[in-house]
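See structure below.
Derivation of every value follows stated rules applied to the coordinates shown; laboratory data play no part. Predicted model, so just to flag it, every value in this text is computed and none were measured. Neighbour counts run over all protein chains shown; Cβ positions are idealised from the backbone, glycine included.
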């Protein structure tokens, strides 16, 4: 019994289908708890006022935006090395979720930045790298959509994902370097690890857990959908011939 | 409703849009899942009698 | 490899189009910018390095889809794939050929266009150096993008979407080097980083490009 057994599409669907609603509703419940906790029952920060509450959405979504890409990278590697279709489809299924997470992170960041930094958008290294990540997601999805043959699409998107990962990391450091010469006042510091009190930390942890579970549930559900869609294609092709 | 002070608009906007986006992706995923599943059932049913 | 390089260069020169078009495009973009931002010399000289870099990047992007598309259409790409030369070598040569036909002329033309934008006198050397170091990376990344999209009917637009984000690090270090040079600061660090990116691209991307080509030729 090894994990590769789940690479069989039928087995994958059979195993995950009962789990999807559990995970989905569970994650929603946890999210509700975390967000309600964060929204109603945490104090305001003495410096940031109530905008500190935005971080209960911002931090988890930003985390998942990066982790979704990382998951796609791992899935792409598995596809290229072991050629399990489920893996390629899982990478495809994760991309739109990553886009949404990136959008949430960017939007909440902008909304927070407006009162705090006095601007919706600053070319801060982190913000800029997220914008670039967003572009990578768009290119990846566009490539999947553009290619007719499923195996070719899986191969090419996997290669793109790997090369893109290298360049995404490179961009992160390049952007860091690029903004050194420009303004970077102390108030722009986004370092969350510093002076985060437990009052803020626990609800944030709950929210992160909720986002992670939601991501897993969505990926499983969407992967099953992609498997079924491909089966439809195969059946129709067989009937036509 | 907690007192959000002068940043009420920002906080509510951030929460509203984020939750909205999450709902959209969940709804889209579920709708597509349902559609594809129904379609697959249909195709399988069509295939069955011919065999 | 040399023969292939010579063939590609001859084709590019004889076809004419790609060779001059990129340069003309470069010129036009640079001419358009002052109309957009206004003719104040001070503003122009501040943004000149960035404009030149972005314009060079777009000009290089224009001719990318020719790298493999022509060979793919007339069937010589499968021939190249079965030739004794490894496909990685083919991808490398294609990148180099693209650089000689577009990157090199762009590099040489950039200082001349710098005059139009009233670039700081200290920046010319750095402009030349950074473009000379950076445009090969642009060509090689472009060859990778072209390899991925070669089988697609309307690959051009998609390729821009794929390739442009990959250009970000090159652009950042390239323009930063010129900007520092213009301000009289030391531009060594960004230039070193730029050279590193170029070398890394040439070392690794031929493998990725040939993998993509193999998939597309399957």
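As an exercise, find the ratio Rg/Rh for region B:5-50 from alpha-carbon atoms, using the Kirkwood inverse-distance average for Rh. Before the final figure, lay out the partial values.
Numbers: Rg = 20.0 Å, Rh = 13.5 Å.
Ratio value, two decimals: 1.49.
Which length gain, in nm to one decimal place, applies between residue C:74 and residue C:118 when the Cα-Cα distance is subtracted from 0.36 nm times their residue separation?
On the way: separation 44, 0.36 × 44 = 15.84 nm, distance 4.53 nm.
Stretched fully, the residue C:74-residue C:118 segment lengthens by 11.3 nm.
On the basis of the beta-carbon distance and an R0 of 25 Å, residue C:43 and residue C:125 show a calculated FRET efficiency of 0.65. As a rough footprinting exposure proxy, the listed residues A:55, A:70, A:211, C:202 were ranked by other beta carbons within 10 Å of their own, and the order from fewest upward is A:70, C:202, A:55, A:211.
Per residue, the average separation of C-alpha pairs within less than 8 Å and at least 6 apart gives chain A a relative contact order of 35 percent. Considering Cα pairs under 8 angstrom that are at least six residues apart, work out the relative contact order of region C:62-218 and quote it in whole percent. It rounds to 32 percent for region C:62-218. Using a Gaussian network model of chain A in which every pair of alpha carbons under 10 angstrom is joined by a spring, one finds that among A:91, A:29, A:68 the greatest mean-square fluctuation is at A:29.
Hey, could you get me the Stokes-Einstein D for chain A, Kirkwood radius over alpha-carbon pairs, 20 °C and 1.002 mPa s, rounded to whole µm² s⁻¹? Diffusion coefficient, whole number: 109 µm²/s.
For region C:99-138, the residues whose backbone nitrogen is under 17 Å from a point 7 Å from the Cα of residue C:35, taken along Cα to Cβ, are C:116-117. On the principal axes of its alpha-carbon atoms, the protein assembly as shown has extents of 71, 64, 40 Å, going from largest to smallest. The ranking of C:167, A:173 from fewest to most other beta carbons within 10 Å of each one's beta carbon is A:173, C:167. Calculated [222 nm] ellipticity per residue, helices only, for the protein assembly as shown: -28000 deg cm²/dmol; basis is -39500 (n - 2.57) per DSSP H run with n ≥ 4, divided by all residues, nearest 500.
Among C:107, C:198, C:188, the largest mean-square fluctuation in a Gaussian network model of chain C, built with springs joining Cα atoms closer than 10 Å, belongs to C:188. Annotation: the residues C:102, A:225, A:108, sorted from fewest to most other C-beta atoms within 10 Å of their own C-beta, follow the order A:225, A:108, C:102.
Reported to the nearest whole Å, the Cα centre-to-centre distance from region B:11-51 to region A:49-124 is 21. For residue A:14 and residue A:173, the difference between the fully extended length at 0.36 nm per residue and the C-alpha to C-alpha distance is 52.9 nm.
Applying 1/(1 + (r/R0)^6) with r as the Cβ-Cβ distance of residue A:233 and residue B:28 and R0 = 35 angstrom yields a FRET efficiency of 0.95. Comparing C:176, C:88, C:40 in a Gaussian network model of chain C where C-alpha atoms under 10 Å apart are linked, the largest mean-square fluctuation is found at C:40. Size of region C:13-87 from its Cα atoms: along the principal axes, largest to smallest, the extents are 57, 23, 16 Å.
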